[in-house]
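Since the structure comes first, as C-alpha cells, the remarks are kept for the end.
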Amino acid sequence: MATPSHDWGSLSQISGIRVGHMTDAEALTGCTVVLTEGGSVAAACVMGGAPATLGTDALRPLQNNEELHAVLLAGGSAFGLAAAAGVMRFLEERDVGVRTRGGRVPIVAGAAIYDLAVGHGRVRSTETWGYEAAVAATDGPFGRGNVGAGTGATTGKWRGGVPLRGGLGTAALCLAGGITVAALVVVNAIGDAVNPATGRFYATDGGFHHSALPTIEDWSAGCGFVRPWEARDGGAFNTTIGVVATNARLTKAQVARVAQMAHLGLARSLRPVHTSGDGDTLFALSVGGKQRRDLGAAIHGVYADVIGSAAADVVALAVLDAMLMAESIPGYPSVREHWGLTAEVVLPQ
C-alpha cells in the first residue's frame, strides 16, 4: 500500500460509521464493509449496465424499509456477494437489526466489482471474509489503495485506454452548520481516470475535447469498444462502486437524490463511465441525524441538493485518492509510475 502524502478526509469522519477490510494480496481480491450499527437512512443508485448488487430494491424510496446496518463492497463479481452473510452474522451476534417476532434481522446491502481476471479468479470473497472485515472495522483511519474491495481494481480497459491500477479511495468535506459529507469509492472502471491524450486527471483538468473515444465509423468497421482479446473472452467487465454518507438528517427520498447526484462525481472523473460493461453503483447514507434547525421549510426543500452537490465533489476526490494510493502490478502500473502523478501535482495542499 502506498504511503499517503495527502489527507482529503475520510468516510470514517462521519460519526456512527466504521470501515473494515479483508484483503488477499496474493489472490488480488478482497472485501470492504461499511458498518452503521446504529442504523442509517439509505438509498442506492445503479447507473452501470452490468451490476452485481444485493438488497438495493429495499432501499427504494417507496419501500417500507427505513434502516440499513451495513454496506458490503466486494471483489469476486457476483460470487463475492456471499460475504454479506458474514456481515449479517457479525451484526446478529451484536443484536443489531430490525426487530421481528423471530429476532433481529440485520439489513445489509452490497455491490461487487469484477476482478476475476486480475488475480486468482477462483478465490473470491466469502462469508468468512465478510465476518473478518466487519470484525476489523474501525472508526479511525483505514487502509486505502489496494486493500479490501480495491485489491484487484484496475482501470483503462477500453480500446483507447491506458491500463492502470485502480483501488479504494476516500474523501470528506465539511459544510456550514457542522454538516459533513464523505465518500469511499472502489475504482474499477472500463474507462480511464487519466486522459490518455494529456496525462492529466479528468477530475481536475477535464480535457474531454482531447479524448479519443471510438467514432461511429470505428463501430461500423467492427473495431468495437474493447480490445480484441477482451471481446473474444466475453467482453470487459468492470464496475466502480462506493458509499457516500452524511451526518445530516435526510428523508429516504432525499437520500435517494443524494445517491443520484453523487454519480456526477464519477462522470467528472472517469471516461467513459456508466457503460454496458460497468455496474457502477453508489450507496448513500444519512447517519446520526444532525439537523439544521435554522433553515426554513422552503430551504429544506433544497437541503438535499446542497449535500448531493458536495457528494459529487467527494466522490471525485475519492477517485483521485484511490488512483494515487494504488501500487503497480504486472500489466497495470500505478499513475505515479506511468504518468508521474502525485497528490502535490494534482491538488497542491
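For residue 24, indicate whether it is within 21 Å of residue 319 (Cβ to Cβ), charged (D, E, K, R) and surrounded by fewer than 24 Cβ atoms within 10 Å (Cβ to Cβ).
no
Restricted to segment 243-274, and to residues there that are in contact with a Gly (Cβ under 7 Å, 6 or more places away or on another chain) and aliphatic (A, V, I, L, M), the residue that is nearest to residue 112 (Cα to Cα) is 273.
Out of curiosity, is residue 130 crowded, with 24+ Cβ neighbours inside 10 Å and closer than 21 Å to residue 328 by Cα? Walk me through how you get there before you give the answer.
Numbers: crowded, with 24+ Cβ neighbours inside 10 Å: yes; closer than 21 Å to residue 328 by Cα: no.
In short, no.
Annotation: residue 77 fulfils all but one of (1) surrounded by 15 or more Cβ atoms within 10 Å (Cβ to Cβ); (2) on the phi < 0 side of the Ramachandran plot; (3) touching a residue at least 60 places away in the same chain (Cβ under 8 Å); the unmet one is (2).
Within segment 100-115, being free of Cβ contacts under 8 Å to residues at least 40 places away in the same chain and not hydrophobic (A, V, I, L, M, F, W, C) holds for 100, 101, 102, 103, 104, 106. Taking the stated definitions as given, is residue 75 in contact with an Asp or Glu (Cβ under 7 Å, 6 or more places away or on another chain) and either more than 30 Å from residue 178 (Cβ to Cβ) or of a type in the set (S, T, N, Q) (or both)? Yes: the conditions hold for residue 75. Quick check: is even one residue across segment 231-247 at pLDDT below 70, outside any loop (DSSP other than H, G, I, E, B) and either within 20 Å of residue 13 (Cβ to Cβ) or over 23 Å from the mean Cα position of the chain (by Cα) (or both)? For segment 231-247, residues at pLDDT below 70, outside any loop (DSSP other than H, G, I, E, B) and either within 20 Å of residue 13 (Cβ to Cβ) or over 23 Å from the mean Cα position of the chain (by Cα) (or both): present.
So, residue 130, is that one modelled with pLDDT of 95 or more and on the phi > 0 side of the Ramachandran plot or not? So residue 130 does not fit the description; no.
A Cβ distance below 9 Å, combined with a sequence gap of six or more or placement on separate chains, defines the contacts here; from segment 34-49, residues that are closer than 24 Å to residue 144 by Cα reach residues that are basic (Lys, Arg) and assigned to a strand (DSSP E or B) in the pairs 34/18; 35/18; 36/18; 37/18.
The values are calculated or read from the model by the stated rules, or taken from the named source; none is laboratory data. The shown structure was predicted, so the numbers you read here are calculated from the model rather than taken from an experiment. FYI the Cβ positions are ideal-geometry reconstructions off the backbone, even for glycines, and counts take in every protein chain you see.
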